[in-house]
Structure formats: C-alpha cells, structure tokens
1. Given a Förster distance of 25 Å, report the FRET efficiency between LYS84 and LYS30 from their Cβ-Cβ distance, rounded to the nearest 0.05.
2. Can you compute the modelled spin-label distance between GLU19 and THR39, with each label point 7 Å from Cα toward Cβ, in nm?
3. Amide H to amide H, which residues 5 or more places from ASP37 or on other chains are under 5 Å from it, using H placed in the peptide plane?
4. Can you give me the long-range amide H partners of ARG45? Hydrogens built in the peptide plane at 1.01 Å from N, cutoff under 5 Å, separation of 5 or more residues or another chain.
5. Dividing the Cα radius of gyration by the Kirkwood radius, what Rg/Rh value follows for the chain?
6. Using the basic label-point model (7 angstrom from Cα toward the beta carbon), what is the ARG63 to GLU3 distance in nanometres?
7. Pop out the ³J(HN,Hα) list for region 72-81 in order, Karplus 6.51 cos²θ - 1.76 cosθ + 1.60 with θ = phi - 60°, rounded to Hz; leave Gly and Pro as x.
Amino acid sequence: MAERRIPLRKCLGCGEMKEKKQLIRVVRSKEGEISVDFTGKTPGRGAYLCLSVACFDAARKSRRLERSFSARIEEEIFDTLREKILSETEEGKA
C-alpha cells in the first residue's frame, strides 16, 4: 500500500517547512476579507504561522502577513491570532 504524503507548508515567522496540521492558517477571500481559518478549509489565499509567539511576533514585526496578501491587516486579526496561539500553547502544556 502506498504511503500518504503529508502536506507541508512554510511558516511566515521562522521560515521552516512544517506539517500543515501544526500551523495556523490565515486566509484572504476573493472579496479581500482577511480572517483566521480554524478549519483549514476556507476558500482563498492562505498563509501559515507556527503555534509560537516568537514566530507570530517576527511575522508581525516584518509585516510578512501583509506582504503575503498585499493588503493591510486589521488589529482584530492579529489579536485573534495571538489568542489562538496562546490557547494552543497552554493546551500543549497541560
């Protein structure tokens, strides 16, 4: 039986290739709306971040998300991302 390939994506913060399931997806729809995709199935252009506050801060400081989407990103999106990363890292410690 053939082995299934594991999809890999690049983190915008650290630049490492990781399994898609280990990353958070931010998506830009055709209408230009940017949101955090918790399911990983929302249609649109996607960008990925590790579940690390350091990667989030690096991507935000260098504006990699905004360059990836060629659009300005609202503060609410950054707040949602930070909360999601913090909640995921807390669950991993418990």
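Readers should treat all values here as calculations from the given coordinates under stated rules, not as data from a laboratory. Computed from a predicted structure; not experimentally measured. Positions of Cβ are backbone-derived with ideal geometry, glycine not excepted, and every protein chain shown enters the neighbour counts.
1. About 0.60, to the nearest 0.05.
2. Result for the modelled spin labels: 2.2 nm.
3. Under 5 Å from the amide H of ASP37 lie the amide H atoms of ARG25, VAL26, VAL27, each far enough along the sequence or on another chain.
4. ARG28
5. Values: Rg = 13.5 Å, Rh = 13.8 Å.
Value, to two decimals: 0.98.
6. That separation, rounded to one decimal, is 4.2 nm.
7. 7, 10, 6, 4, 4, 5, 4, 5, 4, 4
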